[in-house]
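Undergrad: The structure that follows is given in the form of C-alpha cells.
Only the coordinates and a few stated rules stand behind these numbers; no lab work does. Just so it is clear, the structure is predicted and the values come from calculations on it, not from any experiment. Note: ideal-geometry Cβ built from the backbone for every residue, glycine included; neighbour counts use all protein chains shown.
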Amino acid sequence: RDLILYALGIGCVDQHYIYENSSDFAAFPTYPACLEFKGEGCDIVQYPPPGMSFQTEIVGALEGTRAVLDAELAIEQRLPMPAGGC
C-alpha cells in the first residue's frame, strides 16, 4: 500500500510502480528517502520526524527553527543489487 501511494503521490504513471499485480512490481527508487517519515504504523508521523527532533538549536537558522529540510536528494546505484539478497 505504501509503495503504491508514494508512487502515485509523486505523479508516477508507470505500471511497474503503481500496480501491485504487475509481474515486475517494485518500489520507486527514491522511496527509501521517505522511510524516516513512516513511523511504525499505517500513518505518517508529523514533521519533523522523531529522528530530527533531537536538534534544539541550528547554528545560523532563525530563532525557533527545529529542523532543516534538504532541498535535493540523489541516489546513485554503484553496483547491481544481488537478485538473491545479501
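Undergrad: Could you order peptides 19-25, 3-9, 76-82 by the average number of other Cβ atoms within 10 Å of their residues, highest first?
TA: Peptide ranking by packing, descending: 3-9, 19-25, 76-82.
Undergrad: How much length is gained on full extension from A27 to C12, taking 0.36 nm per residue of separation minus their Cα-Cα distance?
TA: So the extension gain works out to 4.3 nm.
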